[in-house]
Amino acid sequence: MQERREPVFGQANSAIDQEAGGRPREVHVHVHHRWDQGPGWARSTVLWIGGLLLAALLVFAAVRWYQMKVLESAMNQVTKATATVSEQARRAAAEAQARAARAEADRAAAKRQAAEAEAARVAAINAEAARRDAAWQKFYVRSGLCRNPDNRTTMECANEHARAKKEFDRRWAAGELR
């Protein structure tokens, strides 16, 4: 390393200084800062690295906070969507159950109506048969010969019964005996 000479300021004592009119010469010194010079370089380096680490930590924290907010938002949306789908499924199941119950009630009502209609039809047929039998009993009066139980099986009584039955059926169909 070179030895460094410091300029001396003070009285003019050299011949060069005398030539300048006895005034001391101005000396300009340029100081180049070096990292290895002075006790403050280590402190400033540590502060600079600490500042970088703090900035990196803040950026990391901000990114992490943003990720958590995005994740929380996504989870809320998934929760809402799941709740909506579950509610729709529950409603669909309830509606399907209600439709099935209505269909079963409709089938039971239709079956009941069919049974009632059949019972009414049978009752109407039975009532018509009873009216017809009552009308036949009024219409057909056996002759004196056929009133005797021994003569009822004779050809003449059988023909009388057949003629009366034929006439009754004709009048019944015409609506004369109702």
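The values are calculated or read from the model by the stated rules, or taken from the named source; none is laboratory data. Model, not experiment: these values are computed from the prediction. All Cβ positions, glycine included, derive from the backbone under ideal geometry; neighbour counts span all protein chains shown. Heavy atoms of the whole protein, side chains included, go into the accessibility calculation; ligands, DNA and RNA do not. Shrake-Rupley method; radii C 1.70, N 1.55, O 1.52, S 1.80 Å.
Cβ contacts < 9 Å: first residue in a loop (DSSP other than H, G, I, E, B), restricted to the range 146-175; second residue open to solvent by 70 Å² or more (accessible area, probe 1.4 Å), any location; separation 6+ or different chain. Result?
Within 9 Å, the pairs are ASN151/LEU145; ARG152/ARG142; ARG152/HIS161; THR154/LEU145.
Considering only the range 102-125, I want to know if a residue exists there that is over 60 Å from the mean Cα position of the chain (by Cα) and farther than 30 Å from ALA174 by Cβ.
For the range 102-125, residues over 60 Å from the mean Cα position of the chain (by Cα) and farther than 30 Å from ALA174 by Cβ: absent.
Considering only residues that are assigned to a helix (DSSP H, G or I) and β-branched (Val, Ile, Thr), look in the range 100-145 and name the one that is most open to solvent (accessible area, probe 1.4 Å).
The residue in question is ILE125.
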